[in-house]
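Right, one structure below, let's go through it.
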Amino acid sequence: QVQLVESGGGLVQTGGSLRLSCAASGRTFSSYVLGWFRQAPGKERELVAAISRRGLATFYADSVKGRFTISRDSAKNTVNLQMDSLKPEDTAVYYCAASNTNGLPTSTRAYDYWGQGTQVTVSS
């Protein structure tokens, strides 16, 4: 069982930066692939970035490549998402999620545990 709690969302202007953090409970944190998803109003939830169990492999959606960076700290049981050069289209609720699946799954169905979400709003 893993519990995930996100923090760091807020309101920022276009071109600004935010850093999201997700704190995970449980002693098996390193057993999970971790991902950040987002969901804008009227749209499906989509994977933004994912990181492998040991942090050696990452995945980024095309829309955020070069602007977002995912990282994990196993000593602190956290996964972070550094978001730079933010655009209005990045506005969404961002969710942290954990998966037992091998590889770097992109489907929401592959993720077993979810945080409650944190709102990110980018003003133009």
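The values are calculated or read from the model by the stated rules, or taken from the named source; none is laboratory data. All of these numbers come straight from a predicted model, not from anything done at the bench. Counting neighbours? That spans all protein chains shown, and the Cβs are built from the backbone with ideal geometry, glycine included. Each accessible area value is taken on the protein alone, full model and side chains, heavy atoms only, with ligands, DNA and RNA left out. Shrake-Rupley method; radii C 1.70, N 1.55, O 1.52, S 1.80 Å.
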Given 13 as the ceiling on other Cβ atoms within 10 Å, longest exposed-site-free region of the chain for trypsin sites (Lys or Arg not before Pro) in DSSP loops: 77-124
Sequence of Ser52, Ser85 from largest to smallest accessible area, 1.4 Å probe: Ser85, Ser52
Under a 1.4 angstrom probe, counting protein chains only, how are Asp62, Asp73 ranked by accessible area, largest first? Asp62, Asp73
For segment 14-74, with equal point scatterers placed on the C-alpha atoms only and solvent neglected, what are the log10 I(q)/I(0) values from the Debye formula at q = 0.14, 0.21, 0.26, 0.27 1/Å, to two decimals? -0.46, -0.95, -1.24, -1.28
Quotient of Cα Rg and 2.2 N^0.38 Å for segment 83-124, N being how many residues it contains: 1.42
³J(HN,Hα) computed for each position of segment 79-92 - Karplus, 6.51 cos²θ - 1.76 cosθ + 1.60, integer Hz, glycine/proline x: 10, 10, 10, 8, 10, 10, 6, 5, 10, x, 6, 7, 4, 4
Which order do Val79, Val5, Val12 take when ranked by solvent-accessible area (1.4 Å probe, heavy atoms of all protein chains), largest first? Val5, Val12, Val79
Determine ³J(HN,Hα), in whole Hz, for all residues of segment 115-124 in sequence, where each value follows from phi through the Karplus function 6.51 cos²θ - 1.76 cosθ + 1.60 and θ = phi - 60°; x replaces Gly and Pro. x, 7, x, 9, 7, 10, 10, 10, 8, 8
SASA check, Ser21, accessible area w/ 1.4 Å probe, all protein chains in place, rounded to nearest 10 Å², comes out at 30
Accessible area per residue, Å², segment 1-120 with all protein chains present, probe 1.4 Å: 51
Can you give me the orientation-averaged projected area of the convex hull built on the Cα atoms of segment 41-90, in nm²? 4.3
Given the convex hull of the Cα atoms of the chain, what is a quarter of its surface area in nm²? 6.8
Given the protein chains as shown and a 1.4 Å probe, how many square angstrom of Thr91 are accessible, to the nearest 10? 40
Return, for the Cα atoms of segment 54-124, the radius of gyration and Dmax in Å, separated by a comma. 13.0, 39
Would any residue of segment 52-80 have its amide N under 19 Å from a label point 7 Å out along Cα→Cβ of Val5? List them or say none. 73-80
